[in-house]
Amino acid sequence: MKVETFVDIVNCDFYTGVPDSQLRALCDYLMAHYGIDSKHHVIAANEGNCVGLACGYYLATGKVPVVYMQNSGVGNATNPILSLLNEEIYGIPMVFVIGWRGEPGTQDEPQHIYQGKVTLNLLDDIGIEYVIIEENTTAEELRQHMNYFRGVLANGRCVAFVIRKNALYSEKNVNYCNTHTLKREDAIDKILEYAQKDLIISTTGKISRELYELREKHGEGHQLDFMTVGSMGHCSSIALGVALQKAEKRIWCFDGDGALLMHMGALAVIGSFAPRNLVHVVLNNEAHESVGGMPTVAGSVNMIQIAKACGYPYVACAESIAELSDCLKEVNNKKALSFIEIKCAVGSRSDLGRPQIVLKENRREFMRSLM
Ligand SMILES: Cc1ncc(C[n+]2csc(CCOP(=O)(O)OP(=O)(O)O)c2C)c(N)n1
């Protein structure tokens, strides 16, 4: 179905969400139509924030908002859905639009398989009525679903459209970019030169895929790397957990700006412990590049000031390989908890592959490297 048809029939005028590649057509439509606009479209830091924001919109206008997300985000949204929106509490209606990654019977990455399997049951459990939208769903069918949903929403309950792969399409893709020129993969490669035998915890999405491919390219194994394939935003907490127990090993966290923003409270906890053996790197392209490139708010956030205020003793920002090399030399000299922000371009190689290793085996090897 054309995304315009979908939006017309749903007929709501406030959207908030975290982008998803399976919802690319909707995200592109919202960006092309509204951009980021306080009245109509906000990309929030995590799916729980989206529910909060949408709740505020409802309180202020009495109108039903739309919250969009990948099914991975249902977990983040579950707390406010169960403890705020539910009809036994405030009875606040919302329309959820959920990209169904890992749908049983489709090919997908390991982190999506179980989530995909339980997605519909999860919605049942949290009291959200849903319909599945697929490639062949017609406008008339959607209209009928929406008419029924209007009755459910009028009773203060939430509903969801679960979006199958290719269910929505758009005739034009939006191309996202920023003003930076440094390629993220080149920055990661430079860090590997300095990290040598250190351990690396990398974030969800293309950062882990690039790290993986660089190890392959250099003929190295993957035993020093732990890829946070799911649980977006928790990579730095995993790194902290390792660093606190293994003070004799240096641990690098390769974070993304979207992931860092998603659970930014982690910085305060890391700063409060300030482990000397942890280097927190943020590859900041001001975008959710792994799912299409839609913007984060990182362009207007002073990340190094935040890290400093949270208690990181050494903070620095690099925009070129030369500046990055200087920062990495300083990291080696200082031997203190460090935060390096690297401003990168949006984009990656078109032939970027996906990790081919068995994740449990990789986890075992990583643990052996820590011994
Ligand atoms: C809780 C959750 N919400 C959404 C996603 C989908 N997702 C995967 S990667 C990604 C973007 C990550 O952005 P960033 O950390 O800035 O890294 P980049 O992709 O730009 O390298 C998103 C939104 C997810 N995996 N988990």
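A short reminder: the numbers here are calculations on the coordinates, not readings from a lab. Note that the coordinates shown come from a computational prediction; the quantities given were computed from them, not determined experimentally. Positions of Cβ are backbone-derived with ideal geometry, glycine not excepted, and every protein chain shown enters the neighbour counts.
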Original post:
Can you give me the Cα centroid spacing of the stretch 347-371 and the stretch 153-231 in angstrom?
Top reply: 13
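Tell me the net charge near Val3. Cut-off is 15 Å between Cβ atoms, Val3 excluded, with +1 for each Lys or Arg and -1 for each Asp or Glu.
Details: positive: Lys2, Arg24, Arg164, Lys165, Lys172; negative: Glu4, Asp8, Asp20, Asp28, Glu134, Glu135, Glu171.
Charge balance in the 15 Å sphere: -2.
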Subject >> Antiparallel %, DSSP beta bridges [both residues in the chain], to 5 >> reply: 5
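Among the listed pairs Lys39/Lys117; Lys206/Lys308; Lys2/Lys39; Lys165/Lys360; Lys117/Lys343; Lys63/Lys343, give every one whose C-alpha distance is greater than 30 Å. Walk me through the numbers on the way to the answer.
Numbers: Lys39/Lys117 35 Å; Lys206/Lys308 27 Å; Lys2/Lys39 24 Å; Lys165/Lys360 27 Å; Lys117/Lys343 37 Å; Lys63/Lys343 39 Å.
Lys39/Lys117; Lys117/Lys343; Lys63/Lys343, as the Cα separations exceed 30 Å there.
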Subject >> Helical contribution to [θ] at 222 nm, DSSP H n ≥ 4, -39,500 (n - 2.57), averaged over the chain, rounded to 500 >> reply: -13000 deg cm²/dmol
Subject >> Semi-axis lengths, Å, the stretch 3-163, gyration tensor of Cα atoms, sqrt of 5 times eigenvalues >> reply: 21, 18, 17
**OP:** Amide H neighbours of Tyr68 under 5 Å, at least 5 residues apart or on other chains, H built in the peptide plane: list them.
**Re:** Thr16, Gly17, Val18, Val97
